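Chemist: Got a structure for you, questions after.
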């Protein structure tokens, strides 16, 4: 049997004998992606468990078992882990690393050793973040946004968390840089930008956001650190500083960061929909360019987080209008996907189920986003559960659901095994139902005035919190079951073969499954579009030994 | 990973051959990557200039007043020192490209010495300011005591120490990079044929001096003329 990337690797320093050290020092993009996946999903479950304690506390009005200050620290911990350690690195770090080079026919990313360094920088940042749990006066209680002036005055361990966020930002920048150069330099001969798979377009747009927006929040965090240690006065009203400036600088990054999360997820959707409709994607160019458009417009909308913070009415109207514009390229994508399925040969496999489920949840998340982008309603809904429900529908029901879709779609590629279809479907339905039961009541509670980040509430909101609690129980069971099914399939599953989905993109034309160390046996010449189907069959076929077309 | 890289050939359906770009020895890729990294530095300092401009617009008089307290002579000397160091760095790169390794090393050493000179002058400046009671953490830059400066001046000096400090940090990193570069040249890893490291460090140094070219006028020169008396004091 031929060797796969599990059997051999290149290392950053020397070539150690022990398998463990080979994993620690590996520069292979597939192994690095897999290690990211292990760490990232571990953090995901930690943050889910943390969120579940919040739900338990909120089961009834009044204090149950968390005191108010601990409650503040717990939701901050949930936010910091989910945002900085899970969802921002998320899809690019895992599938950007594993799949993107395979899709463009490259042997690795442009700077493999930098990639290795970046992974450890991420681990280092994660350790700093976690260390603040047990050092100083406890974990930050500011919320993940660290708004000044409270973050400057609180005596909890905000500095450590800020340093961690800065280090994680550096890792994010270097990943983006690596991917931009890779996509520019290492595409297989003949593959121009409009022959790239759409996931690569998503990663490309994301990488630019990582590169251009992250430094701004990085320096903002540095300024906040200097403020706390030396008192430079920049955000401190006692010295003439302007705390709202912090909000502006923070959201100049953190709003594009939202699109940084969703763009690669849309990329996954654009892979799955044509593969399981057995039909060439509708409007390839519009999907590709709308990714770039979302990345571009995403820079200009940060002000919609500040409608209630003090901003001129003109600015509010402009930011509101610019925010509406984001809905246009997003809408284009959705109509393109629907049009792709029209008259296609739809196969309701697990990845397709996740993708279709996301179409429902993300549309709810997206459209409720448009309502709070309007200045008037936002004054009413800002900082209520409506907003909480909105961004969980968009982030969890959009990004994370598509992450899971990708997890099922590329599972056979990464592991060489196939999971049991029936069980994975049960896991999907548990997740989908649990998710909606968990979050939908919050729209209603928020609309009626339930504020976010409160540890107590009026008795009339009890019913919504209790329904949400039962949703959470179903949802978490679904998550655990899904991972159980996948991990078990990795151990005992049937071999999947190299192209179980009859998909067309290059990552499904590897000589072995799982792939060998340096990917394709030969780099192919790409003179075809990424999703060519004819009567439900892939048009382009390769001789996997020579990577020459044989159709 | 140090094995000799032989570019692969991809053959299209007409039998035409196309050279495949690998990640190994990709000079253009290395250049592009570092330019992108420079872009992140620009965004970072850009955000600080944004903060600076915003507070300048709120407290113009205080800013001019505070600016006039800085030592233009030392700051100006440092600007010249840094500009010359950019020249020596560029000459070193030219020599490297032309195969004059010894000359290139000489120029890198000259750059290092100029960088140290810059840091020395900077240290003298900061010491003087400290002795005049103007430094982060001292009373003059805290609010609510008898030595407190007005808001605008606190913000000016806060940004001054932050930005020149971060710039100085970049100089120190630069010196470290140049020493590393010399080590790589001595080890034969950087040569005329393979000088991407030298190229990128030169690029880095250019950016560091370019940032100073903006820092200098914004902090030292806005109050350098006789304009302070002509502005109505806002306080």
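Readers should treat all values here as calculations from the given coordinates under stated rules, not as data from a laboratory. Not measured: the values here are computed from a predicted model. When we count neighbours, we look across all protein chains shown, and the Cβ atoms used for this are built from the backbone with ideal geometry, even at glycine.
Chemist: Testing the spin-label approximation: label points 7 Å from Cα along Cα→Cβ at residue B:72 and residue A:52. State their distance in nm.
Modeler: According to this spin-label approximation, the distance is 6.8 nm.
Chemist: How high is the FRET efficiency between residue A:487 and residue A:127 when r is their beta carbon distance and R₀ equals 35 Å, given to the nearest 0.05?
Modeler: 0.90
Chemist: Between B:142, B:131, B:21, which gets the highest mean-square fluctuation from a Gaussian network model of chain B, Cα cutoff 10 Å?
Modeler: Of B:142, B:131, B:21, the most mobile in the Gaussian network model is B:21.
Chemist: Once you have the Cα-Cα distance between residue B:19 and residue B:186, take 0.36 nm times their residue separation minus that, and quote the gain in nm to one decimal.
Modeler: Full-extension gain reported as 56.8 nm.
Chemist: A further question on this structure: Taking neighbour Cβ counts within 10 Å as the exposure measure, how do A:496, A:312 sort from fewest upward?
Modeler: A:312, A:496
Chemist: Students often get this wrong: which residues of region A:240-261 have the backbone nitrogen under 20 Å from the point 7 angstrom along Cα-to-C-beta of residue B:50?
Modeler: Under 20 Å, as judged by backbone N against the label point of residue B:50, lie A:241-261 of region A:240-261.
Chemist: Turning to a different aspect of this structure: Taking the Cα-to-Cβ direction at residue A:548 and at residue B:87 and moving 7 Å from each Cα, how far apart do the two end points lie in nm?
Modeler: 6.1
Chemist: Normalised radius of gyration for region A:144-271, please: alpha carbon Rg relative to 2.2 N^0.38 Å, two decimal places.
Modeler: Here the Cα radius of gyration is 1.30 times the empirical estimate.
Chemist: Then there is this: What is the ratio of the Cα radius of gyration of chain A to 2.2 N^0.38 Å, with N the residue count, to two decimals?
Modeler: Cα-based Rg divided by the globular estimate yields 0.96.
Chemist: Provide the FRET efficiency to the nearest 0.05 for the residue A:374-residue B:221 pair, computing r from the beta carbons and using R0 = 41 Å.
Modeler: FRET efficiency, residue A:374 to residue B:221: 0.35.
Chemist: Among A:360, B:101, which comes first, second and so on when ranked by fewest other beta-carbon atoms within 10 Å?
Modeler: In increasing order of surrounding Cβ atoms, one gets A:360, B:101.
Chemist: Go ahead and estimate [θ] at 222 nm for the protein assembly as shown from helices alone: -39,500 (n - 2.57) per DSSP H run with n ≥ 4, summed, over the residue count, rounded to 500.
Modeler: -21500 deg cm²/dmol
Chemist: Which whole-number percent of Cα pairs in chain B have a distance greater than 22 Å?
Modeler: 62
Chemist: Based on the alpha carbons, how large is the Rg to Rh ratio for region A:469-532 when Rh follows Kirkwood?
Modeler: 1.18
Chemist: While we're here: Just grab the label-to-label distance for residue A:456 and residue A:359, each label 7 Å out from Cα along the Cβ direction, in nm (one decimal).
Modeler: Using points 7 Å along Cα→Cβ, the separation is 4.7 nm.
Chemist: Further, regarding this structure: Between residue A:137 and residue A:347, what FRET efficiency comes out of the Förster formula 1/(1 + (r/R0)^6) with R0 = 60 Å and r the beta carbon distance, rounded to 0.05?
Modeler: Given R0 = 60 Å and the Cβ-Cβ separation, E is 0.65.
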